[in-house]
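Inspection log for the structure reproduced underneath, given as structure tokens.
The values are calculated or read from the model by the stated rules, or taken from the named source; none is laboratory data. Computed from a predicted model, the values in this text were never measured in an experiment. Because the Cβ atoms are built from the backbone with ideal geometry, glycine has one as well, and the counts that use them run over all protein chains shown. Note: accessible area is taken over every heavy atom of the protein model, side chains too, but ligands, DNA and RNA are not part of it. Shrake-Rupley method; radii C 1.70, N 1.55, O 1.52, S 1.80 Å.
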Amino acid sequence: MSQRKKFVAGNWKMHTTLAEGRELARAIRAEVENVEGVRIAVIPPFTSVAAVAEVLRGSRIEVGGQDLHWEEKGAFTGEVSAPMLRDAGATVVLVGHSERRQYFGETDESANRKVRAALAAGLSPVLCVGETLDERDAGRTLDVVGRQVRGGLAGLSSAELARVCIAYEPVWAIGTGRTATPEQAQEVHAAVRAILRELGGDVTEAIPILYGGSVKPDNAPALLALSDVDGALVGGASLEASSFSAIVRAAA
Ligand code: 13P
């Protein structure tokens, strides 16, 4: 087990109305309020960030955004900036999620601009990386993930690197019920850890590397026990307080 504090975040994706989001946040708060030693975040759609932050005020549970624009403000219809997320109560933001890469044209360059914008606003960016099934089958997993990590973190100072989080989410494991085996996860996490050391030296030891992709209460303990897995980014199982809190407890 590593020295890094475990971090469990729930990505609600495009789910929850305001009422549903408040209710889910209340239920999660009730279930994990007394769990010590784990950093916890919930990441609702933009429309619910402020309302969920309000429900979670005074708790240890953080709130995040699922994406952001790199400019602070301007004529960018449909976009939300880092200062706006901060203002709504967010402390965390996802960057470069594979669904943004697949469906909305996110690139390593745009992810890099977003990571910088998040850091500048005092948000904790969670840079998401991961290979497709074709890339894995072609033996390119470490190349692809390495390129995404280097690209997303390009040009950051050591002090900035120390404030970043990484989430390894193999695309073929997202929403499929198919999880990376502990060996597959450990291999990629160790490779990411080595790249981080190369980029920023000792300060990067504190960077949590989360695993994501069909994390459920039954597979979480084995994944979270791996030496280079510092937490989980949970999709589907974060939409129910009972399963999300079971994963939080597995990390404790
Ligand atoms: P699932 O847990 O639903 O596979 O989603 C993972 C994910 O994409 C979290 O960001």
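So which GluC sites (Glu not before Pro) in segment 1-50 pass both tests, a DSSP loop state and at most 13 other Cβ atoms within 10 Å of the Cβ?
Answer in residue order: Glu33, Glu36.
Probe of 1.4 angstrom, ligands and nucleic acids ignored: what's the accessible area per residue over the chain, in square angstrom?
It amounts to 43 Å² per residue over the chain.
Starting from the Kirkwood radius over alpha-carbon pairs of segment 102-184, derive D by Stokes-Einstein at 4 °C in a medium of 1.567 mPa s and give it in µm² s⁻¹.
Details: Rh = 13.7 Å.
In µm²/s, the coefficient rounds to 95.
Tell me, what does the Kirkwood hydrodynamic radius of segment 103-252 come to in angstroms if you use every pair of distinct C-alpha atoms?
15.6
Reachable lysines from Lys114, Cα under 25 Å, same-chain residues fewer than 8 places away excluded?
Lys5, Lys6, Lys13, Lys73
Only sites in a loop by DSSP and with at most 13 other Cβ atoms within 10 Å count here; which chymotrypsin sites (Phe, Trp or Tyr not before Pro) in segment 32-101 make the cut?
For chymotrypsin sites (Phe, Trp or Tyr not before Pro) across segment 32-101 that sit outside H, G, I, E and B with at most 13 neighbouring Cβ atoms in 10 Å, the list reads Phe76.
With θ taken as phi - 60° and the coefficients 6.51, -1.76 and 1.60, list the Karplus ³J(HN,Hα) couplings across segment 214-229 in order, rounded to whole Hz; mark glycine and proline as x.
6, 6, 9, x, 7, 9, 4, x, 5, 5, 6, 7, 5, 5, 9, 9
Rounded to a whole number, what is D in µm²/s for segment 1-89 from Stokes-Einstein with the Kirkwood radius over alpha-carbon pairs (10 °C, 1.306 mPa s)?
Answer from the Stokes-Einstein relation: 114 µm²/s.
Amide H of Val63: which non-local residues (sequence gap of 5 or more, or other chain) have their own amide H closer than 5 Å, using H built in the peptide plane?
Val42, Thr91, Val92
Dipole size in debye (nearest 20) for segment 1-159 around its Cα centre, Lys and Arg Cβ +1, Asp and Glu Cβ -1? It would help to have the intermediate numbers written out before the result.
On the way: 21 positive and 21 negative charges, 97 e Å.
My answer is approximately 460 debye.
Quick one: what are the phi-derived ³J(HN,Hα) couplings along segment 80-96, Karplus 6.51/-1.76/1.60 with θ = phi - 60°, whole Hz, x for glycine and proline?
9, 9, 4, x, 5, 5, 4, 4, 7, x, 7, 10, 10, 8, 6, 9, x
Can you give me the three principal axis dimensions of the chain from its C-alpha atoms, in Å, biggest first?
Sorted largest first, the three principal extents are 45, 45, 34 Å.
Starting from 0.36 nm per residue, how many nanometres of slack lie between Glu72 and Ala159 once their C-alpha separation is accounted for? Display every interim value, and only then the final one.
Details: separation 87, 0.36 × 87 = 31.32 nm, distance 2.16 nm.
Difference between extended and current length: 29.2 nm.
Separation between the Gln184 and Arg150 pseudo-spin-labels, each 7 Å from Cα along Cα→Cβ, expressed in nm?
2.4
Compare the Cα positions of Tyr168, Ile207, Leu196 along the charge dipole of segment 157-214 (+1 at Cβ of Lys, Arg; -1 at Cβ of Asp, Glu; about the Cα centre) and return the one farthest towards the positive end.
Of the listed residues, the answer is Tyr168.
What residues have an amide H closer than 5 Å to that of Asp228, excluding those fewer than 5 places away on the same chain, when H is modeled at 1.01 Å from N in the peptide plane?
HN-HN under 5 Å from Asp228: empty list.
State the extension gain, in nm to one decimal, for the chain segment bounded by Asp87 and Val35, taking 0.36 nm per residue of separation less the distance between their alpha-carbons.
16.0 nm is the gain from fully extending Asp87 to Val35.
Can you tell which of Leu24, Asn11, Ser48 lies farthest toward the positive end of the dipole of segment 5-54, using +1 and -1 charges on the Cβ of basic and acidic side chains (Lys, Arg; Asp, Glu)?
Of the options given, the answer is Asn11.
At 0.36 nm per residue, minus the direct Cα-Cα distance, what do Thr17 and Glu205 gain on full extension? Give it in nm, one decimal, please.
Taking Thr17 through Glu205 to full extension adds about 63.9 nm, to one decimal.
Would you pull out the residues with amide H under 5 Å of Val234's amide H, same chain only if 5 or more places away, H placed 1.01 Å from N?
Ala9, Gly10, Asn11
What longest range of the chain stays clear of loop-exposed trypsin sites (Lys or Arg not before Pro) (DSSP non-H/G/I/E/B, at most 11 other C-beta within 10 angstrom)? Mind showing how you got there, number by number?
Working: sites that count: Arg57, Lys73.
Longest stretch, sites excluded: 74-252.
Ignoring everything except DSSP H segments at least 4 long, calculate the 222 nm mean residue ellipticity for the chain; use -39,500 (n - 2.57) per segment, divide by total residues, nearest 500.
Rounded to the nearest 500, it is -12500 deg cm²/dmol.
If Rh is defined by the Kirkwood formula over all Cα pairs and Rg also comes from Cα, what ratio Rg/Rh do you get for segment 66-142?
1.05
Mind listing the phi-derived Karplus ³J(HN,Hα) values for segment 175-183, rounded to whole Hz, using 6.51, -1.76 and 1.60 with θ = phi - 60°, and x for any glycine or proline?
x, 9, x, 9, 9, 4, 5, x, 5
If you wrap segment 165-241's Cα atoms in a convex hull and average its projection over all directions, what's the area in nm²? The partial results should precede the final answer.
On the way: hull surface 20.2 nm².
Seen from a random direction, the Cα hull of segment 165-241 projects 5.0 nm² on average.
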